[in-house]
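Since the structure comes first, as C-alpha cells, the remarks are kept for the end.
The values are calculated or read from the model by the stated rules, or taken from the named source; none is laboratory data. Keep in mind it's a predicted model, so treat the numbers as computed, not measured. Neighbour counts are summed over all protein chains in view; Cβ atoms, including those assigned to glycine, are modelled from backbone coordinates with ideal geometry. Heavy atoms of the whole protein, side chains included, go into the accessibility calculation; ligands, DNA and RNA do not. Shrake-Rupley method; radii C 1.70, N 1.55, O 1.52, S 1.80 Å.
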Amino acid sequence: MRRPTKQEEEKVADLTPMLDVVFIMLIFFIVTATFIKETGVEVNRPDTQTAELKKTVSLLVGVAPDSGIWIDKKKVDVRNVRPMMERLHAENPKGGLVIQADSESKVEKVLAIMDAARAIGINQVAIAGEEN
C-alpha cells in the first residue's frame with residue numbers, strides 16, 4: 001500500500017461552498033417567484049369592449065357553465081364561498097377580486113360571489129372578459 005503524497009491530496013476540490021451557493025440561489029428563486037393563480041375550471045369568458053388589466057388580484061373565483069363555483073382549484077358550495085374568500089383575502093388584503101364567469105353561467109351565482117365579497121370588505125371587484 002502506497003501512501004498518497006501531499007500533491008495528490010491538494011488536487012481534491014471541496015464542493016461544499018459551491019453547493020451552498022446553489023442552495024441559496026434556489027431558495028432565492030423560490031421566494032421571489034410569482035405564482036399563477038388559477039380557478040380550476042376552464043371558462044368561456046364573455047366578449048367585452050372596455051376591458052382593463054387589473055394588477056393586484058388576491059382572489060380569483062371561477063363560475064363554470066353549469067354554475068359551479070371554483071376557488072383555488074376546488075369546487076366550492078355557494079354556502080362556503082364567503083369563509084373561503086375570507087381566508088384567502090386575509091393572506092393578501094390589498095388585492096381585489098376577479099370573477100371568471102362563463103358566458104352560460106347563471107347571474108345569481110355571480111351576484112352571490114359579489115355579495116360575499118362586499119360582506120368581507122373587498123371593494124375592488126371585477127368580472128373577467130375576453131377582449132375583441
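Quick grid of which residues meet (1) over 14 Å from the mean Cα position of the chain (by Cα); (2) small (Gly, Ala, Ser); (3) farther than 15 Å from residue 71 by Cα; (4) open to solvent by less than 30 Å² (accessible area, probe 1.4 Å):
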site: 89; (1), (2), (3), (4): no, no, no, yes
site: 94; (1), (2), (3), (4): yes, no, yes, no
site: 99; (1), (2), (3), (4): no, no, no, yes
site: 102; (1), (2), (3), (4): yes, no, no, yes
site: 108; (1), (2), (3), (4): yes, no, yes, no
site: 113; (1), (2), (3), (4): yes, no, no, yes
site: 118; (1), (2), (3), (4): yes, no, yes, no
site: 123; (1), (2), (3), (4): yes, no, yes, no
site: 127; (1), (2), (3), (4): yes, no, no, no
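Which of the residues that make up the range 82-112 are of a type in the set (Val, Ile, Thr) and modelled with pLDDT of 90 or more? I'd like the intermediate steps shown before the answer.
The first filter runs over the range 82-112 and keeps only residues of a type in the set (Val, Ile, Thr), leaving 98-99, 107, 110.
The answer is none; no residue qualifies.
So which residues in the range 66-87 are loosely packed, with under 14 Cβ neighbours inside 10 Å and in contact with a Ser or Thr (Cβ under 9 Å, 6 or more places away or on another chain), if there are any at all?
Hits for the range 66-87 are 66, 73.
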